[in-house]
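Working notes, structure below.
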Amino acid sequence: RRFDKGLIQQECERLERIRQRLRQFDARRRSNPSVLSTTVFQKIMVDYLQGNFSDIKTEFPEEMSYKPRVYLLGSPVSYESGPIIELIEKRLRVCGDFNCGLSRPIYIKVLEKTIEGLKQAYFKQAPCIFKRPNKGFYEWVDKDLKETKSTGIIAFILDYCDNFDFEIAKMEKRFSLPILKLKSDFSLQNISQLKVRIDAFIEVLASYRGGVV
């Protein structure tokens, strides 16, 4: 079966329009002060990833926040991760991230609207931390931390399923920002413990000393 070049181009253009809208939402949460929470942004992304983007409202009320600005890294953010993000944002504002399930896929840009162009765009997308060597990941995040004016990092790790935390020591040296490592199995049974750790991280951010909490 042959691919129709016209349909491929049409679909690429349609998806680029959708991603452009998502980038506009992302720009609002990255702004300083942030005017869109990641709690809301995650819900938008769930609709997009489930193929329901046409049903998403084009506008959301501003939620201007002067809470400490943090950057989210770690395991893929699942559809059910909303309560974790909401818990974090009760005390902090997640103004940027590098997570599958959040903003990582929206910065894929297909320059050539062909099958080959699609292959190149996805192969050269924002680099995964597990793609070795992972120099590109650190360069991307280092630049993004500065652009979002983040004052700390939250490394969210899915317990028992992800070896992302093997990189924490390297991150601490490279980024020179306070890092909070949060582990969860999505059961929310440790929600009280997570809250205590987030509250403690607020004090770390206030003193702005490096290190993993």
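Looking only at the stretch 11-19, decide whether some residue is closer than 27 Å to Glu172 by Cα and either at pLDDT 90 or above or surrounded by 11 or more Cβ atoms within 10 Å (Cβ to Cβ) (or both). No. Take the residues in the stretch 24-35 that are without any contact (Cβ under 8 Å) to a residue 60 or more places away in the chain and part of a helix (DSSP H, G or I), then tell me which one is surrounded by the most Cβ atoms within 10 Å (Cβ to Cβ). Among those residues, the one meeting the criterion is Phe25. Every test in (1) in contact with a Ser or Thr (Cβ under 6 Å, 6 or more places away or on another chain); (2) not in a strand (DSSP E or B) is passed by Pro61 save one, and that test is (1).
Counting residues in the stretch 134-153 that are among the polar types (S, T, N, Q) and loosely packed, with under 11 Cβ neighbours inside 10 Å gives zero. Within the set Tyr79, Tyr66, the sole residue that is in contact with a Pro (Cβ under 8 Å, 6 or more places away or on another chain) and surrounded by fewer than 16 Cβ atoms within 10 Å (Cβ to Cβ) turns out to be Tyr66. Note on the stretch 164-189: residues that are surrounded by fewer than 15 Cβ atoms within 10 Å (Cβ to Cβ), touching a strand residue (DSSP E or B) at 6+ places or on another chain (Cβ under 9 Å) and more than 22 Å from Lys146 (Cα to Cα) total 2. Of all the residues in the stretch 36-60, those that are free of Cβ contacts under 8 Å to residues at least 12 places away in the same chain and in contact with a Leu (Cβ under 9 Å, 6 or more places away or on another chain) number 0.
Per the listing Lys113, Lys135, Lys109, the residue uniquely over 30 Å from Gly6 (Cα atoms) and among the charged types (D, E, K, R) is Lys135. Each residue in the stretch 151-187 was checked for being of a type in the set (A, V, I, L, M), under 22 Å from Glu86 (Cα atoms) and more than 16 Å from the chain's Cα centre (by Cα), and 0 of them qualify.
Test of understanding: among Ile157, Ile168, Ile198, Ile191, which residue is of a type in the set (A, V, I, L, M) and closer than 21 Å to Ser34 by Cα? Walk me through it before giving the result.
On the way: Ile157 fails: closer than 21 Å to Ser34 by Cα; Ile168 fails: closer than 21 Å to Ser34 by Cα; Ile191 fails: closer than 21 Å to Ser34 by Cα.
Checking each option against the conditions leaves just Ile198.
For first residues located in the stretch 5-23 and farther than 14 Å from Leu118 by Cα, partners that are part of a helix (DSSP H, G or I) and of a type outside the set (Gly, Ala, Ser) and lie 6+ apart or on another chain with Cβ distances below 6 Å form the pairs Ile18/Phe53; Arg19/Ile106; Leu22/Ile106; Arg23/Ile106. Looking at the stretch 92-194, the strands (runs of 3 or more DSSP E) lying wholly inside it that each contain 2 or more residues that are charged (D, E, K, R) sit at 93-97, 178-184.
Checking the condition touching a helix residue (DSSP H, G or I) at 6+ places or on another chain (Cβ under 9 Å), at negative phi and among the acidic types (Asp, Glu), which residue from Glu147, Glu172, Glu139 passes?
Working: Glu172 fails: touching a helix residue (DSSP H, G or I) at 6+ places or on another chain (Cβ under 9 Å); Glu139 fails: touching a helix residue (DSSP H, G or I) at 6+ places or on another chain (Cβ under 9 Å).
Sole residue among the options that is touching a helix residue (DSSP H, G or I) at 6+ places or on another chain (Cβ under 9 Å), at negative phi and among the acidic types (Asp, Glu): Glu147.
Residues in the stretch 104-126 that are of a type in the set (D, E, K, R) and in contact with an Asp or Glu (Cβ under 8 Å, 6 or more places away or on another chain) were compared, and the one that is surrounded by the fewest Cβ atoms within 10 Å (Cβ to Cβ) is Lys109.
The values are calculated or read from the model by the stated rules, or taken from the named source; none is laboratory data. Here the structure is a predicted model, which is why all the values come from computation and not from measurement. Here Cβ is always computed from backbone atoms with ideal geometry, including for glycine, and neighbour counts include all displayed protein chains.
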